[in-house]
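Only one structure is covered here, and it is reproduced in the block below.
The values are calculated or read from the model by the stated rules, or taken from the named source; none is laboratory data. All figures in this text were calculated on a predicted structure; none of them were measured in a lab. Cβ placement follows ideal geometry from the backbone for every residue including glycine, while neighbour counts extend to all protein chains displayed. Heavy atoms of the whole protein, side chains included, go into the accessibility calculation; ligands, DNA and RNA do not. Shrake-Rupley method; radii C 1.70, N 1.55, O 1.52, S 1.80 Å.
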Amino acid sequence: MRLKEHVVFITGASSGIGKATVRALLAEDARVFGVGRTPERVEETRREIADDRFAIHVADVAEEAAVREAFAVCSAKFGAPDILINNAGLGIPTPDLAEADPAAFDEMFRVNARGVFLCTREALKVMKPRRRGHIVNIISMAGQRANGVAPLYCASKFAARGFSMGLAEQALKAGIRVTDVNPGPVDTAYWGRRAVPREKMLKAEEVAEIIRFVLTLPERVVVREINFDALPWLAQ
């Protein structure tokens, strides 16, 4: 299935997996509307991806009014989206819970769980009357297997996965597909300056290729969940 007649709304579009996915979907002739939280990154992305089929907007996915406005801008520019990619995410390592800052907990749940809910709610408002659409939630293998370095991040991703599983049960009855995309570690800015073997991780472009694959399957095909890692990472 080509995406020429489809409008994609993607969060976290100004860096990493999001930006790579924008490029992959433009190659499939989709019209892509992205949002990002950081104005400087949004402007940089706007300059880098100069395409009439792409627009990007500054919005915090955890702010209800900002999400509502972003969907309105998307609809005015390209039409109502029939594909939503919940990609925006935030990770803060908390290796010592005894010293963890409650603000880190709040911020990760705010973006990784509340943001997914708010964007999904707006998408459902336009998808349900048409009885078609596809919601792709970029969650993470951290939503299935916890670790001691980032337990709060894992908790937020477990929450997002639980939400997505319940969403799928409701949405499928309305003709809307829901897919969880769960990559293992990805070489992105998430890692900051931490001493980790980023060369062994998945690349953002490889994750984008998985997303492209899922979205270009025939509309009668439902992929509920797709889990994957980089071979060098698993083999280390």
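Some observations on this one:
- Pairs of Lys in the chain closer than 27 Å at Cα, counting only those 8 or more apart or on different chains: 20
- Evaluated on segment 118-236, the Kirkwood hydrodynamic radius is 15.5 Å, with distances taken between all distinct Cα atoms.
- The portion of the accessible surface of the chain made up by carbon and sulfur, rounded to a whole percent, is 55 (1.4 Å probe; DNA, RNA and ligands excluded).
- Unit charges on C-beta of K, R, D, E only; dipole of segment 1-142, Debye: 920 debye
- Kirkwood Rh and Cα Rg combined as Rg over Rh, evaluated for segment 1-136: 1.01
- Computed over the chain, Kirkwood Rh from alpha-carbon pairs, angstrom: 17.8 Å
- Accessible area (Å², per residue) of the chain, counting only protein heavy atoms and a probe of 1.4 Å: 47 Å²
- Segment 99-168 - Rg over Rh from alpha carbon coordinates, Kirkwood radius: 1.06
- Span-like helix check, the chain: qualifying full DSSP H segments, with Cα axial length of 15 Å or more and mean Kyte-Doolittle of 1.0 or more, are 204-215.
- Put simply, the Cα atoms of segment 67-186 extend 49, 27, 23 Å along their principal axes, the longest span coming first.
- If you plug the beta carbon distance of D51 and L172 into 1/(1 + (r/R0)^6) with R0 = 35 Å, you get a FRET efficiency near 0.60.
- Residues M201, M165 ordered from highest to lowest accessible area at a 1.4 Å probe: M165, M201.
- Distant-in-sequence amide contacts of V178, defined by a placed amide H-H separation under 5 Å and a gap of 5 or more residues or a different chain, comprise I135.
- Within the chain, the longest segment free of exposed loop sites, counting GluC sites (Glu not before Pro) that fall outside DSSP classes H, G, I, E and B and have at most 14 other Cβ atoms within 10 Å, spans 6-218.
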